[in-house]
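Data block below; observations after.
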Amino acid sequence: MFNINDISSLYLIRKDSLTRFLFYSGMTIAYFGSLNPWFMWALSSYYIIISTMFVTMAMFVSSTMQKPLFTRTDFIVPTVGYLLLVTYQALTHNDNINSYIINVFNTTIFLSLFRINKKVGLELSTFISKIMAILLVVSIFGYFQYLMGINLPNTNVSFRDDLYSYTNYYFFLLDDRSLFTLIPRFHAVFLEPGQMGTATVFLLLTQYGKWREWYNMVLLAATLMSFSLAAYVMLVFVIFLNLWVQGKHIARQVILAVSAIAIIITGAFVYNGGDNLLHDLILLRLEVEDGDIVGNNRTREDFSVEFERFISSSDVVFGKTYDEGFGNAGYKVFIYQNGIVGTMLLIIFYFVTTRNATYKRAVISGIILAFLNFIVRGFPLWFCFFIPIYSMFLTEAPTTKKMNV
């Protein structure tokens, strides 16, 4: 028999599903847009607008529901914190009007992330992890076909006025600098192995207790295939942080991990006389020359001299216009561009996003990984980094078992 309540229930379910679809779609676009995969290069100036349209529609549909999904009331302070930071950056960097417009779109995306209820916010990282894994499975399959000598269709492409030059095999990119390498580093459809590896490690942080799921195994495999020093170091931290977040004793795991790392390092020095990827791309970069690690090559040597002069001058307060010729990554670059004031605004922003977090271990884990990434890359506001970190801030403490200290 016809029942109006059945139609009403179905209508509400459809609204809930539509809101989730719009929110996840908008956030996924923002996430991948910040990673610059080749298929989004044409949208590099517009993906923020598209993402904002999706999340705005999600908030509108949610507002018409009896049980909205955007229910958090503590969104104002972190949103204002973000807006103050990006406005300060635009002012001190002497940006044009376009930067202020882009900041409005970015702020809308962050606002929706801060308003969404915790359950949906937590599920977002798993959703993105699955999408990333699907993309990587296809990419890895194409990459191994290339290694087996299969002639794949390709074209030559470049990014930002030949800053990066690749052979594009559509399922994956091959850096032209590694064309004659027997086994080139894997970075899927993204710009650099380190960029992809760092992104997958951030997603793995949110997947504590679920690493045996197929999509997380794919993320882990891609991380290892990147041969990125930064990703490897962060992965070691994430392994122990994930155990700690779950409340497990880590002393035994530390002993096992140290033993395994020692065996791997020894093998890398011995295998093929030391002529192997792990030795050349990871271990050699850990050597110290002139008081600095060889792998610390995010900026040129002359920038170190300039940075020392900078921190001793009045420019250190508000920052200074940065010359891209010095290199483009690392915490020193951020401090140079934004000064003490901008760096403090960044710290305040991260602090206010955690003020209502309930599980300290998850928060500390997120902050540690964010700090490590900031040291290496200096891009703390990229969606591909912030979304997983914020997911840790939303994590609830385990209640089904006793926590181990």
Item to complete: List the number of the failed condition for D74; all other conditions in (1) within 30 Å of Y170 (Cα to Cα); (2) assigned to a loop (DSSP other than H, G, I, E, B); (3) of a type outside the set (A, V, I, L, M, F, W, C) hold.
Response: (1)
Worksheet item: Does I76 satisfy being out of contact with any Lys or Arg (no Cβ under 9 Å at 6 or more places or on another chain), β-branched (V, I, T) and farther than 20 Å from Y24 by Cα?
Response: yes
Worksheet, complete the sentence: Given (1) under 25 Å from N117 (Cα atoms); (2) in contact (Cβ under 8 Å) with a residue 24 or more places away in the chain, Y88 misses just (1)
Worksheet item: Is there a residue in segment 176-192 that is at pLDDT 70 or above, of a type in the set (G, A, S), more than 17 Å from the chain's Cα centre (by Cα) and in a loop (DSSP other than H, G, I, E, B)?
Response: no
Worksheet entry | Candidates F141, F159, F186 - the one that is surrounded by 17 or more Cβ atoms within 10 Å (Cβ to Cβ) and among the hydrophobic types (A, V, I, L, M, F, W, C) | F186
Worksheet item: Does T167 fit the bill of being more than 21 Å from the chain's Cα centre (by Cα) and either surrounded by 21 or more Cβ atoms within 10 Å (Cβ to Cβ) or of a type outside the set (K, R) (or both)?
Response: yes
Discussion item. Here are the criteria: (1) more than 14 Å from Y24 (Cα to Cα); (2) without any contact (Cβ under 8 Å) to a residue 24 or more places away in the chain; (3) in a helix (DSSP H, G or I). Tell me which single one K119 does not satisfy.
Written reply: (1)
Item to complete: Need at least 3 residues that are surrounded by 15 or more Cβ atoms within 10 Å (Cβ to Cβ) and either at pLDDT 90 or above or of a type in the set (S, T, Y) (or both) per element, so show me which helices (runs of 4 or more DSSP H) inside segment 288-378 make the cut, counting only ones lying wholly within it.
Response: 331-353, 360-376
Practice prompt. For segment 212-220, state whether one or more residues are hydroxyl-bearing (S, T, Y), touching a residue at least 24 places away in the same chain (Cβ under 8 Å) and under 17 Å from N373 (Cα atoms).
Written response: no
Fill in: Identity of the residue in segment 101-138, among the polar types (S, T, N, Q) and under 17 Å from the mean Cα position of the chain (by Cα), that ends up surrounded by the fewest Cβ atoms within 10 Å (Cβ to Cβ)
T126
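The values are calculated or read from the model by the stated rules, or taken from the named source; none is laboratory data. This structure is a prediction, so every number in the text was calculated from the model and none was measured. Glycine gets a Cβ as well: all are built from the backbone with ideal geometry, and neighbour counts include every protein chain shown.
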